[in-house]
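Okay, so here's the structure we're looking at.
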Amino acid sequence: METQDPDVIEAVKLSGESTLEKATAKAKAEFEQLLNVSLNIAVTGRTGAGKSSFVNALRGLGDDADGAALTGVTETTMKATMYEHPAMPNVKVWDLPGIGSPNFKANKYLKDVKFSTYDFFIILSSERFQQNDIMLAKEIKNAKKKFYFVRSKIDNDILAEQRKKEFDEQKTLSKIREDCQKNLKEVGNPKIFLISVYDLEKYDFEKLQNSLEEELPQHKRSALLQAWPVCSAESLEKKITFFKRVIWAAALASAGIAVVPVPGLSAACDAGIVLLFFTRCYYAFGLDDGSIKKLSEKVNKPLQKYLGKSKIAAAIQNKTLTRLQVSASIATLATFEWFASLFPGVGSVAAAGLSFGTTLYLLREGLNELANTAREIRKEAGLDPMCSNS
Ligand SMILES: Nc1nc2c(ncn2[C@@H]2O[C@H](COP(=O)(O)OP(=O)(O)O)[C@@H](O)[C@H]2O)c(=O)[nH]1
Ligand SMILES: [Mg+2]
């Protein structure tokens, strides 16, 4: 198909394909993968190590939030419990049974929890790693899976050390890391990530994300990047860049110029792609109720009101669009037309008649608005002292 539209020509170029047909097909495949590629994260360790708390942290939830894993309770089941990411049903975090029993058998445990389900394992310990942790790591390696050692509850260690006269945070952290490394010699020289679920901005939570990203297969990385909680200004910017990079795919996949007819895809459904894109951004940037509530509590400052400055964020927050979490196909044309009218200059349009340029404009503007809202909330929360003076 010939096209003169410079925006379309540009999107085709960005796709790396030679024709609009190929570019559109690639966009649909890319967008499909972006939304649906599965990621299964297993969290294991002894009872009381902080598994359930870590599961909640990964899902951006406080321990008392609706649907959060119960913490501070003794595990009674030998079964893994699955928790879906609030915005991404394709990302699942699994709270595995404790590995504390004296006659622990790593290979039986892995079989019982169906080890092949998981992309990787997080082995948590709130003290030195012990023989069970080591046996488990070895078995995971035998099963050709990856594991990451996380030393949890670092805030407790820091608090205890702070009482001492000669307190030096960096030294304390190095000492904990070395202690753990000594215990883990048998497993090679694994990296150890020091973490407190109460302060993901501090310590090694972001390093863990970076390591996982480096080692995951390419197609799984986007799921991790979207799902991982925002834990620094850089991690937010990384997400923003990621979504900016896939705008071409979202635009081509959703625009009414589809040249490859896909059965069952109507104009309304295409509009759903745009809405779904925004819903994904909203959660990935930590603008959802759960994340904002958690952040407000952490910095002891109400932050909800800043969401209202973004019409799009407010619209998503008002539950108008939450149904879209699950599937783009339930978006109605009416929802989209109303949504498009939030953008200055777009006004009331029929989704089916939306030009490619307007779709791109919607995606870019909407993404910028959500990104700026997220940046502003971080600033108001006082999380990035270096930038807050600018
Ligand atoms: N201070 C602190 N306490 C934590 C942290 N992670 C977990 N806990 C607490 O440790 C206890 C056991 O945590 P839980 O997640 O239930 O452990 P599980 O048995 O491994 O699932 C709970 O009281 C948690 O609140 C942390 O990073 N810092
Ligand atoms: Mg638990």
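The values are calculated or read from the model by the stated rules, or taken from the named source; none is laboratory data. Please read these numbers as outputs of a predicted model, since none were measured by experiment. In this analysis, Cβ positions are derived from the backbone assuming ideal geometry, glycine residues included, and neighbour counts consider all displayed protein chains.
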Handout entry: Residue count for the range 142-176, restricted to those that are farther than 30 Å from residue 117 by Cβ and either outside any helix (DSSP H, G or I) or in contact (Cβ under 8 Å) with a residue 12 or more places away in the chain (or both)
Key = 13
Fill in the blank from the handout: Of the residues in the range 141-196, those that are over 26 Å from residue 213 (Cβ atoms), among the charged types (D, E, K, R) and buried (at least 17 other Cβ atoms within 10 Å of the Cβ) come to 157, 161
Practice task
Scan the range 196-229 residue by residue and report those that are closer than 20 Å to residue 37 by Cα and among the hydrophobic types (A, V, I, L, M, F, W, C).
Solution key: 212, 216, 223, 224, 225, 227, 228
Exercise for the section: List every residue pair whose Cβ atoms lie under 7 Å apart, where the two residues are 6 or more positions apart in sequence or sit on different chains, the first residue falls within the range 360-376 and is in contact (Cβ under 8 Å) with a residue 40 or more places away in the chain and acidic (Asp, Glu), and the second residue, located anywhere, is surrounded by fewer than 24 Cβ atoms within 10 Å (Cβ to Cβ) and part of a helix (DSSP H, G or I). Expected result: 376/306
Completion exercise
residue 296 fails exactly one of (1) modelled with pLDDT under 90; (2) outside any loop (DSSP other than H, G, I, E, B), namely (1)
Practice task
Restrict the check to the range 12-23 and report whether at least one residue is away from ligand 2 (no atom under 13 Å from the Cβ), under 16 Å from the mean Cα position of the chain (by Cα) and crowded, with 19+ Cβ neighbours inside 10 Å.
Solution key: no
